[in-house]
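Everything below concerns the one structure shown next.
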Amino acid sequence: DQQVKQNSPSLSVQEGRISILNCDYTNSMFDYFLWYKKYPAEGPTFLISISSIKDKNEDGRFTVFLNKSAKHLSLHIVPSQPGDSAVYFCAAILGGTSYGKLTFGQGTILTVHP
Amino acid sequence: KAGVTQTPRYLIKTRGQQVTLSCSPISGHRSVSWYQQTPGQGLQFLFEYFSETQRNKGNFPGRFSGRQFSNSRSEMNVSTLELGDSALYLCASSLGGTPADNEQYFGPGTRLTVT
């Protein structure tokens, strides 16, 4: 059962434009959400996170939006740069003692063209 | 501050053998989690250790085990290797308290190939 889903396997964007990566989840008990970027043969790099009690969090070019009623979150990258080209994963954490377990989506390959 | 380190980076084993992977977390981090990444299954949670105790476990067979030492370093062991165990094994560390403290930072991974 895929509790965290990234329905778009890939996204192609022009440099300078906005990249919007989407993620849906099914478990309303998820307490915290994170986005990671991953290059081939490397570990994921933490980008930004959001608590379930918030609906927006911003850090530089990255903004994450959370819509709890729709069980949907999105990552906005503005402006997009060629160095942003990577696989992006959303992840979710249940509350309580499950804090140490991240449930990941399948990832979206972002390609930013110069 | 040094990041998460994993050793070895690459490993080739034969079916039926066993393997031990090592992870050194970021200094001060008490939680270590392990994940398996394969092309077909994505990133799958194996288990998490916090203060030397296994706190969470994923849906993997008992051939996969781990432990954590008093200095928070962790090892993962896979016994009786199968071809399907070929994967990138990732270790991540976090402070391990509140949800915000569970922002996990990943090591570079160990690429295991089983032949």
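Side notes on the structure shown:
- Volume per residue of the C-alpha convex hull in the protein assembly as shown, rounded to whole Å³: 122 Å³
- Filter on A:K37/B:K57; A:K5/A:K37; A:K68/B:K57; A:K5/A:K101 - keep pairs with C-alpha separation over 18 Å: A:K37/B:K57; A:K68/B:K57
- Across region A:70-81, coupling constants 3J(HN,Hα) worked out from phi with the 6.51/-1.76/1.60 Karplus curve, θ = phi - 60°, read 8, 6, 9, 9, 9, 10, 10, 10, 9, x, 6, 10 Hz, and Gly and Pro carry x.
- Above 19 Å, the calculated P(r) of chain A contains 41 percent of its Cα-Cα pairs.
- Cβ-based exposure ranking for B:T5, A:T108, B:T113, in which fewest neighbours within 10 Å come first: B:T113, B:T5, A:T108
- Scattering curve values for region B:1-44, log₁₀ I(q)/I(0), Debye with Cα scatterers, q = 0.15, 0.32 Å⁻¹: -0.55, -1.16
- Sorted into 5 angstrom bins from 0, the C-alpha pair distances of region B:1-86 split as 3, 14, 24, 25, 20, 10, 4, 1 percent.
- Bridge type composition, chain A - antiparallel percent by DSSP, nearest 5: 90 percent
- Protection proxy ranking for A:78-85, B:48-55, A:33-40, using the average of other Cβ atoms within 10 Å per residue and placing the highest first: A:33-40, B:48-55, A:78-85.
- With semi-axes defined as the square roots of five times the eigenvalues of the C-alpha gyration tensor, the equivalent ellipsoid of region A:72-114 measures 28, 10, 8 Å, largest first.
Rule-based calculations on the coordinates, nothing more; no lab input. Since we're looking at a predicted model, the values are computed, not measured. For neighbour counting, all protein chains shown are included, and Cβ atoms are generated from backbone atoms with ideal geometry for every residue, glycine included.
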